[in-house]
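K.L.:
A single structure is presented below for examination.
The values are calculated or read from the model by the stated rules, or taken from the named source; none is laboratory data. The structure displayed is predicted, hence computed values, not measured ones. As a convention, Cβ positions derive from the backbone with ideal geometry for all residues, glycine included, and neighbour counts pool all protein chains shown. Remember, those area values only see protein heavy atoms, side chains included, never the ligands or the DNA or RNA. Shrake-Rupley method; radii C 1.70, N 1.55, O 1.52, S 1.80 Å.
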Amino acid sequence: MKCRVGLVQMPVTDDKAANLRRARQEIDRAAAAGAELVVLPEMFCVPYETARFPDYAEATGGEAQEMLSAAACENHVWLIGGSICEVEDGRYYNTCYIYDDAGRFVAKHRKAHLFDIDIKGGQYFKESDILSPGQSLTVFESPWGNIGVGICFDIRFADMAAAMVDAGARLLIYPAAFNMSTGPRHWELLFRARANDGQCFAVGCAPARNTAASYVSWAHSIVADPWGRVQRDLGTEAVTEVVTLDLDEIDSVRAQIPLGH
């Protein structure tokens, strides 16, 4: 079985409406190129600045969610909607909404591990100043088997990935936005490690790099295969690309090196 995954590595601006229009255009582009499952980046319509998250936040049924549902339905694709800032009961979350090819809501993942770092001589960032952590593992059924979803910093936690694989996940998908400190150190390493450990595909979708932004994305949206090899790296520019995953490779690898998955 094969799955054609569309990765949308798009720029993110201060204009939420413009970001939503761009995301819709790129979903359409991916679908036209044959994608069956489309993935957007973390905070695809929100500048990655914690103090500004509340200005862009939306509750259930907000405009970003409406766009994602319509795009999935009208293009007949499954959609991992990157992430947005969600507000519920006065709390803010970094949340990924997921829709099937009829535009129906399937699941949502709230980032469980908040990005609080202080790299000496590098990046300082503290999501917990604004955001609350999610409390749930997110694995959902799809035509390609179970898919597990995390967001960015979640990928650093091998136990979370292992739990998703134990729950049957054959794809691990992480909308993400590593920065210029952590990206060159750990981005490829972590995706290869999660794919190798789980003997599955690990997919990361990031915003395109904008060196003028206050938070600069490492970009390099990535696909790692069950052998832990990089199948595709999208570089740093704005691009939408469809990558074909041969899911039979998962069973082949697991049969050759049985780890009990």
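K.L.:
Determine which member of the set THR240, THR244 is surrounded by 19 or more Cβ atoms within 10 Å (Cβ to Cβ), of a type in the set (Ser, Thr, Tyr) and in contact with a strand residue (DSSP E or B) (Cβ under 9 Å, 6 or more places away or on another chain).
P.N.:
Result: THR240 is the single residue among THR240, THR244 that is surrounded by 19 or more Cβ atoms within 10 Å (Cβ to Cβ), of a type in the set (Ser, Thr, Tyr) and in contact with a strand residue (DSSP E or B) (Cβ under 9 Å, 6 or more places away or on another chain).
K.L.:
Restricting to segment 211-234, name every residue that is under 18 Å from GLY82 (Cα atoms), of a type outside the set (A, V, I, L, M, F, W, C) and part of a loop (DSSP other than H, G, I, E, B).
P.N.:
Passing the criteria: TYR215, HIS220, SER221.
K.L.:
Spot the failing condition for GLU36; the list is (1) acidic (Asp, Glu); (2) out of contact with any Ser or Thr (no Cβ under 9 Å at 6 or more places or on another chain); (3) over 20 Å from ILE173 (Cα atoms), and only one is missed.
P.N.:
So the condition that GLU36 fails would be (3).
K.L.:
Please count how many residues of segment 40-54 are acidic (Asp, Glu) and either modelled with pLDDT of 95 or more or open to solvent by less than 20 Å² (accessible area, probe 1.4 Å) (or both).
P.N.:
The number of residues fulfilling the criteria is 1.
K.L.:
If ALA202 satisfies every condition in (1) open to solvent by 10 Å² or more (accessible area, probe 1.4 Å); (2) assigned to a strand (DSSP E or B); (3) not β-branched (Val, Ile, Thr) but one, which is the exception?
P.N.:
(1)
K.L.:
I've got another one for you. Which residues, counting only those in segment 58-69, are open to solvent by less than 30 Å² (accessible area, probe 1.4 Å) and either of a type in the set (Asp, Glu) or part of a loop (DSSP other than H, G, I, E, B) (or both)?
P.N.:
GLU58, GLY62
K.L.:
Return the pair list, or none, for Cβ contacts closer than 6 Å from residues in segment 227-245 that are touching a residue at least 60 places away in the same chain (Cβ under 8 Å) to residues that are surrounded by fewer than 16 Cβ atoms within 10 Å (Cβ to Cβ), at least 6 apart or on different chains.
P.N.:
VAL242/ALA33; VAL242/GLY34; THR244/LYS2
K.L.:
For GLU188, indicate whether it is in contact with a Pro (Cβ under 9 Å, 6 or more places away or on another chain) and either surrounded by fewer than 19 Cβ atoms within 10 Å (Cβ to Cβ) or touching a residue at least 24 places away in the same chain (Cβ under 8 Å) (or both).
P.N.:
No, not satisfied.
K.L.:
Moving on to the next point. Scan (1) under 19 Å from VAL39 (Cβ atoms); (2) open to solvent by 10 Å² or more (accessible area, probe 1.4 Å); (3) among the aromatic types (Phe, Trp, Tyr) for the single condition TYR97 breaks and write down its number.
P.N.:
Of the numbered conditions (1) under 19 Å from VAL39 (Cβ atoms); (2) open to solvent by 10 Å² or more (accessible area, probe 1.4 Å); (3) among the aromatic types (Phe, Trp, Tyr), the odd one out for TYR97 is (2).
Yes or no, residue by residue, for (1) of a type in the set (Ser, Thr, Tyr); (2) out of contact with any strand residue (DSSP E or B) (no Cβ under 8 Å at 6 or more places or on another chain); (3) closer than 26 Å to VAL242 by Cβ:
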| residue | (1), (2), (3) |
| --- | --- |
| GLU86 | no, no, no |
| THR95 | yes, no, yes |
| PHE105 | no, no, yes |
| ASP129 | no, yes, no |
| TRP144 | no, no, yes |
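K.L.:
What are the residues in segment 80-135 that are acidic (Asp, Glu) and free of Cβ contacts under 8 Å to residues at least 24 places away in the same chain, if any?
P.N.:
Scanning segment 80-135 gives ASP89, ASP116, ASP118.
K.L.:
Please go through (1) over 20 Å from GLU49 (Cα atoms); (2) open to solvent by 70 Å² or more (accessible area, probe 1.4 Å) for THR211 and return the number of the only condition it doesn't satisfy.
P.N.:
That leaves (1) as the condition not met.
K.L.:
Of the residues that sit in segment 1-39 and are assigned to a loop (DSSP other than H, G, I, E, B) and in contact with a strand residue (DSSP E or B) (Cβ under 7 Å, 6 or more places away or on another chain), which one is most open to solvent (accessible area, probe 1.4 Å)?
P.N.:
Among those that are assigned to a loop (DSSP other than H, G, I, E, B) and in contact with a strand residue (DSSP E or B) (Cβ under 7 Å, 6 or more places away or on another chain), it is ALA33.
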